[in-house]
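Student: Here it is: the structure, laid out below.
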Amino acid sequence: MNPALKKLTKYLRLEADRGYDNRAVVGGLQHMLDPWEAEARETGFPEKIIEIVLAHLKDYPHLNPHSRQERLKDLWSSLGTELPNLSLPEVPELKEIAELKDRTPSIPTATEAQPIGEPTGIEAQTPLSQPPSTHLPQPETIREPKPEEPPAALEAPLTTIAGIGPKSAKTLHKLNLETLGDLLWHLPRRYDDYSQLKTINRLWYGEEVTIIGTVEEVQIRTVRSGRMKLIEAVISDGTGALRVTWFNQAWIADRLRPGRPVVLSGKVEQYLGRLTMNNPEWEALERKQLHTNRIVPVYPLTSGVTSKWLRRVIHSVVTRLAPRIPDPLPKSVRESADLLPLNIALQQIHFPDDWEHLRLAQHRLAFNEMFLLQLGVLRQKSEWGQLSSPPLTIDDTQVTRFTESLPYELTNSQLSAFKDVREDLAAPHPMNRLLQGDVGSGKTVIAATVIGIAAANNAQSAVMTPTSILAEQHYQTMLDLLPPATDIPAEAIQLLIGATPEAEKQAIREGLANGQIQVVLGTHALLEDPVTFANLGLVVIDEQHRFGVEQRAVLRNKGENPNLLVMTATPIPRSLALTIYGDLDITVIDEMPPGRIPIETRVLLPIERSRAHNFIIGQLESGHQAFIIYPLVEGSEKVQAKAAVDEHQRLQENIFVGYKVGLLHGRMRPDEKENTMASFRSGEYDVLVSTSVLEVGVDIPNATVMLIEGANRFGLAQLHQFRGRVGRGEHKSYCLLIPDSEDEADNQRLSAIESTNDGFELAELDLNQRGPGDFLGTRQSGFAELRTARLTDIRLIEKARREAVHLFKADPILAQPEHALLSREMARFWTTAKGEIS
C-alpha cells in the first residue's frame, strides 16, 4: 500500500474510533493536510485522489460530529470508488459524544514518540493575558507557556513529523537539520514582504504586492521547440484582471481550476504594455497563508528541498513547539531589558506579524546570545581573579634605573601601560592583561619592563611568538634592553626555536629547569614536554591571535598560575574588547614614539603599475629595499588575480634586472621561509615578493616601499599590518596599493587606508565591513556560534553586559532556583567546560 494512503487510512480509522472529535491528529485532522499532500506527491499518489482528500477535509473542523461522520463516510466511499482494489473497513457508527467531549488533545512530551500531526500543529486559542513590555498588540496565536505544559520535544528526530520519512530526513541532513530543535532554530536568511494587499486596478509596475482573486482561465503552452511549458492564468478580483505566468510547473494547471479563489504574491512586471506577474508565490484562499499576504520567511535551502515545503514544515514545528519552550532568562532580566518572551520571539522570528515584531524578535534572540556570552566572560574573569600567585614588586629606584638606561624616553601612553602592568604584578593574583598597540608603538619595551620585574623577584619569564623571525627579533631587543637596565646577565637570556641545535636545546632546557636561565624567547618549541621551569612567573605571548586557547594554556601550565601578558599589533575594536576579549584587562598604547615619520599611502590604477615599479627602482638605487605582496601563491583560472610565484620570475627577469628578488609564500617549509627572511634582512635580497605570510612581525628598518597587488582582496586590518612592515627606520616610507581592476580602485577600504594611519579607526571600519574574522585568527572562543547577535552591535553588547553584571553580582554561580534554566543554557552555550577564551 502507498505510504501516504496507509497513513491516511490510519488517521481516518482513529478519528472514527474517537467519535469524530477531530483529535485523532494533534491540532485537528485538517492540520495533517499539508504534510500529507507533500508526502503523497513525493510517492506518486494520483492527483485526483489528492484533490478528493483535500476537498473533503479542508473545512472538517467547522462541522459537528454527525456531519464529520457523514463527511468521512463520503470520503471513504470516494476512495473505494477510485481505488477498487483497496480493501477498506466500514466506518464505525458514531460513538456517544458525551464520552468524548471532555478529552483534550494529546501533546507529546520530550519522552514520547508520537508524530507531529500536521504540519501546522496546535495553535493556541486564547491571547496573552498580559502583553509584553514592548506594548505591541499580540496575535492570538501566540502565548507564553503554562507552567504545567510538558517540555518541548526538541531532541525528537525529524521523522516524528508527519510527511518526513527517512528519504526527506536524509536530504534535510545536508542543512545540518536532524532534530525538531534544529528546525526550530533554522532561522530565515531574509524576508520577502508580501504583506501589501492591493486590488488589481491599483497595481503599479515594479512593486511587490499581494492580490486576492479568482481563477478565470488556465492554459498550458509549449514554447522553445517543446523544451519549455508555459502555464498562463488569468486572475480577476472585480476591479480588473491580471495575466500570471509560471515556467515548467505544469502541475499548477491542475490546481488552478477556473472559479478557485487564490492569493498571489510577487513582483508586478510588464509585457507588451500590460501588467503581469511571473512565477509568483500562490496559495488557495481557504488555507492559512504562509507563502503570501504576509512577511514571508526565506530559509537556507539545499538540493531537493523547496521553499514552500520547508516553510510548511517549520511552521508546524514552530506552532507546536515554540509555545512550550521554557525561557532561560529570569523575569527580572526580561523586564529590565524590555524583551519579548522567548516563545513569542521564536514565533515572530519565523512568521512575523509585521516588521516591528520581527525587529523585537531579532533583538530578543540576539540579546540571549550576547547575555550568555557576557556571563561566561564575567565568570572566567572571576575565576582568574580567584587564583593566587605571589606578588611581584619593585621599588621606584629600580624603575628609574630601567627608564634611564633606555636610548629614548617612554611616551605618556607607554608610561600608562607600565603603570597598569606594575599594579597587576603587585596583586596577590595573576595578571591577565592584553596589551594592544599599533605597529611601531613600543609594546616590546613594556614587555621588557615586565620581564625585569619578574627577574627582580627571582621569577622566570617565557616569551612565545608565532614565527622564528619574530622570536629572533625579540631576542635581540631583550639582549639590548635587559642587561644594562636589570640584573639579568646576557647568558641568562636564551632563544629556543625549531632551528636551535639539539645540544643548545638541551643546555637551555637544563638551564630553565635549574633556574639559571631567567628569560627564554621562542616559538611553539616552548610548548614541548621536555621544557620545564624552576619558577615560571610570567608568560608573554606576542601576536596572541595566532595561538589557540590550548597552546596558551600549555605554556601557562608550566608554572603555578604565572602572570599572563598577551600582545597584539591588531587594534581591537571596542565591541570585541567587551565580548571575546572581555575576560582580559586591556591596555592600549595609542601614541607613537616621537620622530616617527608617517607612511605615505597611495592607491594606483593598474595601468600605473610601471610607475610603481620605477618608483621602487629609485628607492633601490638609494640603497633601500622593498616588499611586493600578492594575494595568491600561484595563478588560477578561477581567480583573476596576480600570483607571487608567477610574478616573481617576471619581476626578476624583466623589471628589477640587476637586483636580487626573493620569494616567500606559505607553501615553503618553515626553514625555507626563515632563510629567505634572514637573507632579506641581511641585504642579500633587494626586493621580497611575498604572499600574506609576511603580515606578522617582520622588522626590516631598511625597507621603505610596500607595494600591494590585488589590494582590494585584503581586509583593512591586513592592509594596515602590511603597511606597518615599512617605516621602521629613519627614512621616509611608502605604501602603494594596486587593485585588480580600475573599477576596484574606487573601493571604500582602499580609500580609508589611503586617508589615515590610525589603526583603531581602520579596525572599527574593517569589523563593520568584514566581520571579526581578521581579528580572531586561530583564536578558539569556547562558545557556540552566534546565530543572531553581531559582534559589531555595540549598543546590544553594552546592554547585555549591564544586565549580566547585575545578575552576576547577585548570583555568580547561578545557584538560585530561578536561575536553574539559565545555568543549563550556559552549559549548552559555552562548549568548553572551563578555561580562558582569550
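The values are calculated or read from the model by the stated rules, or taken from the named source; none is laboratory data. Since the structure is predicted, the reported quantities are computational estimates derived from the model, not experimental observations. Positions of Cβ are backbone-derived with ideal geometry, glycine not excepted, and every protein chain shown enters the neighbour counts. With ligands, DNA and RNA removed, areas are computed over all heavy atoms of the protein, side chains included. Shrake-Rupley method; radii C 1.70, N 1.55, O 1.52, S 1.80 Å.
Student: Is segment 163-172 home to any residue that is in a loop (DSSP other than H, G, I, E, B), modelled with pLDDT under 90 and small (G, A, S)? Outline the logic, then answer.
Tutor: Within segment 163-172, the subset in a loop (DSSP other than H, G, I, E, B) is 163-165.
Applying the additional criterion that residues be modelled with pLDDT under 90 yields 163-165.
Cutting the leftovers down to small (G, A, S) gives us 163, 165.
So far as segment 163-172 goes, yes, one or more of its residues are in a loop (DSSP other than H, G, I, E, B), modelled with pLDDT under 90 and small (G, A, S).
Student: For the list (1) within 22 Å of T587 (Cα to Cα); (2) within 36 Å of the chain's Cα centre (by Cα); (3) free of Cβ contacts under 8 Å to residues at least 60 places away in the same chain, I need the number of the one condition that G437 fails.
Tutor: Looking at each condition in turn, G437 falls short on (3).
Student: Also: As an exercise: evaluate L435 against (1) among the aliphatic types (A, V, I, L, M); (2) more than 30 Å from R681 (Cα to Cα); (3) assigned to a strand (DSSP E or B) and give the number of the one condition it does not meet.
Tutor: Evaluating L435 over (1) among the aliphatic types (A, V, I, L, M); (2) more than 30 Å from R681 (Cα to Cα); (3) assigned to a strand (DSSP E or B) leaves (2) as the failure.
Student: Could you identify the single residue in L481, L496 that is open to solvent by 10 Å² or more (accessible area, probe 1.4 Å), out of contact with any Pro (no Cβ under 7 Å at 6 or more places or on another chain) and at pLDDT 90 or above?
Tutor: Details: L496 fails: open to solvent by 10 Å² or more (accessible area, probe 1.4 Å).
The match here is L481.
Student: Which of the residues belonging to segment 815-838 are at pLDDT 70 or above, outside any strand (DSSP E or B) and open to solvent by less than 30 Å² (accessible area, probe 1.4 Å)?
Tutor: Scanning segment 815-838 gives H819, L822, M826, F829.
Student: Within segment 74-90, identify whether any single residue is within 30 Å of L154 (Cα to Cα), touching a helix residue (DSSP H, G or I) at 6+ places or on another chain (Cβ under 9 Å), at pLDDT 80 or above and not in a loop (DSSP other than H, G, I, E, B), and answer yes or no. Talk me through it step by step, then tell me what you get.
Tutor: Here is the first cut: in segment 74-90, the residues within 30 Å of L154 (Cα to Cα) are none.
Scanning segment 74-90, I find no residue that is within 30 Å of L154 (Cα to Cα), touching a helix residue (DSSP H, G or I) at 6+ places or on another chain (Cβ under 9 Å), at pLDDT 80 or above and not in a loop (DSSP other than H, G, I, E, B), so the answer is no.
Student: Which residues, taken from segment 375-400, are of a type in the set (A, V, I, L, M) and not in a loop (DSSP other than H, G, I, E, B)?
Tutor: If we filter segment 375-400 for residues that are of a type in the set (A, V, I, L, M), which is where we start, we get 375, 377-378, 387, 392, 394, 399.
Selection gives L375, V377, L378, V399.
Student: Can I ask one more? Does any residue in segment 741-756 that is at pLDDT below 85 come within less than 7 Å, Cβ to Cβ, of a residue that is open to solvent by 40 Å² or more (accessible area, probe 1.4 Å) six or more places away or on a different chain, and which pairs are these?
Tutor: Matching pairs, first to second residue: E742/L605; A745/L605; R749/Q769.
Student: Something else: I need the full set of residues from segment 715-740 which are assigned to a loop (DSSP other than H, G, I, E, B), open to solvent by 10 Å² or more (accessible area, probe 1.4 Å) and at pLDDT 85 or above, in order please.
Tutor: To start, the set of residues in segment 715-740 that are assigned to a loop (DSSP other than H, G, I, E, B) comprises 715, 724-733, 739-740.
Still in the running and open to solvent by 10 Å² or more (accessible area, probe 1.4 Å): 728-732, 740.
Result: H731, K732, D740.
Student: Which residues, counting only those in segment 174-221, are over 25 Å from the mean Cα position of the chain (by Cα), among the aromatic types (F, W, Y) and either open to solvent by less than 40 Å² (accessible area, probe 1.4 Å) or more than 18 Å from Y271 (Cβ to Cβ) (or both)?
Tutor: Of everything in segment 174-221, just one residue is over 25 Å from the mean Cα position of the chain (by Cα), among the aromatic types (F, W, Y) and either open to solvent by less than 40 Å² (accessible area, probe 1.4 Å) or more than 18 Å from Y271 (Cβ to Cβ) (or both), namely Y194.
Student: Please go through segment 741-761 and give me each residue that is part of a helix (DSSP H, G or I), surrounded by fewer than 20 Cβ atoms within 10 Å (Cβ to Cβ) and in contact with a strand residue (DSSP E or B) (Cβ under 9 Å, 6 or more places away or on another chain), ordered by number. Spell out how you get there, then give the answer.
Tutor: Applying the first criterion (part of a helix (DSSP H, G or I)) to segment 741-761 yields 742-745, 748-755, 759-761.
Subset that is surrounded by fewer than 20 Cβ atoms within 10 Å (Cβ to Cβ): 742-745, 748, 751-752, 754-755, 760-761.
Answer for segment 741-761, where residues must be part of a helix (DSSP H, G or I), surrounded by fewer than 20 Cβ atoms within 10 Å (Cβ to Cβ) and in contact with a strand residue (DSSP E or B) (Cβ under 9 Å, 6 or more places away or on another chain): A745, S751, E754, S755, F760.
Student: Of everything in segment 663-699, what is surrounded by fewer than 20 Cβ atoms within 10 Å (Cβ to Cβ), more than 37 Å from the chain's Cα centre (by Cα) and not hydroxyl-bearing (S, T, Y)? Give them in sequence order.
Tutor: N675, A678, G683, E684
Student: Would you confirm whether or not segment 453-462 contains a residue that is farther than 26 Å from S389 by Cα and assigned to a strand (DSSP E or B)? Spell out the reasoning first.
Tutor: We begin by selecting, within segment 453-462, every residue farther than 26 Å from S389 by Cα; these are none.
No: zero hits.
Student: Return the residue satisfying two criteria in turn: it lies in segment 672-714 and is among the β-branched types (V, I, T) and at pLDDT below 85, and of such residues it is farthest from Y659 (Cα to Cα).
Tutor: V696
Student: Would you pick out the residues in segment 343-358 that are open to solvent by 10 Å² or more (accessible area, probe 1.4 Å) and not charged (D, E, K, R)? Reasoning before the result, please.
Tutor: Taking segment 343-358 first, the residues open to solvent by 10 Å² or more (accessible area, probe 1.4 Å) are 347, 351, 353-356.
Listed by number, the residues that qualify are Q347, F351, W355.
Student: Just for segment 35-69: of the residues that are in contact with a strand residue (DSSP E or B) (Cβ under 9 Å, 6 or more places away or on another chain) and open to solvent by less than 60 Å² (accessible area, probe 1.4 Å), which one is farthest from A284 (Cα to Cα)?
Tutor: P35
Student: Please state which of the following conditions L285 fails to meet, knowing it meets all the rest: (1) under 28 Å from the mean Cα position of the chain (by Cα); (2) over 23 Å from E356 (Cβ atoms); (3) open to solvent by 10 Å² or more (accessible area, probe 1.4 Å).
Tutor: Here L285 clears every test but (1).
Student: Tally time: how many residues in segment 551-582 are open to solvent by less than 30 Å² (accessible area, probe 1.4 Å) and either under 18 Å from T792 (Cα atoms) or out of contact with any helix residue (DSSP H, G or I) (no Cβ under 8 Å at 6 or more places or on another chain) (or both)?
Tutor: Narrowing segment 551-582 to residues open to solvent by less than 30 Å² (accessible area, probe 1.4 Å): 552-553, 555, 559, 562-573, 575-582.
Keeping just the survivors that are either under 18 Å from T792 (Cα atoms) or out of contact with any helix residue (DSSP H, G or I) (no Cβ under 8 Å at 6 or more places or on another chain) (or both) gives 553, 559, 570-573, 575-582.
Adding up the residues that qualify gives 14.
Student: A follow-up question, please. Within segment 245-265, can you find the residues that are over 16 Å from L285 (Cβ atoms) and either more than 41 Å from the chain's Cα centre (by Cα) or open to solvent by less than 20 Å² (accessible area, probe 1.4 Å) (or both)?
Tutor: Passing the criteria: T245, W246, A253, D254.
Student: Still on this structure, I have one more. Here is a list: I541, I493. Which entry is more than 18 Å from P430 (Cβ to Cβ) and either touching a Gly at 6+ places or on another chain (Cβ under 6 Å) or in contact (Cβ under 8 Å) with a residue 12 or more places away in the chain (or both)?
Tutor: Numbers: I541 fails: more than 18 Å from P430 (Cβ to Cβ).
Checking each option against the conditions leaves just I493.
Student: Right, another one. Only residues in segment 603-621 that are within 18 Å of P739 (Cβ to Cβ) count as the first member; pair them with residues that are open to solvent by 30 Å² or more (accessible area, probe 1.4 Å) and of a type in the set (S, T, Y), Cβ under 7 angstrom, at least 6 apart or cross-chain, and list the lot.
Tutor: Filtered contacts from segment 603-621: P606/S741.
Student: Restricting to segment 12-34, name every residue that is open to solvent by less than 20 Å² (accessible area, probe 1.4 Å), at pLDDT below 80 and touching a Lys or Arg at 6+ places or on another chain (Cβ under 6 Å).
Tutor: G19, A24
Student: Okay, next question. Take the residues in segment 390-425 that are in contact with a helix residue (DSSP H, G or I) (Cβ under 9 Å, 6 or more places away or on another chain) and among the small types (G, A, S), then tell me which one is surrounded by the fewest Cβ atoms within 10 Å (Cβ to Cβ).
Tutor: This residue is S405.
Student: Also: Of the conditions (1) in a helix (DSSP H, G or I); (2) under 24 Å from I164 (Cβ atoms); (3) of a type in the set (A, V, I, L, M, F, W, C), A345 fails just one. Which one is it?
Tutor: Unmet condition: (2).
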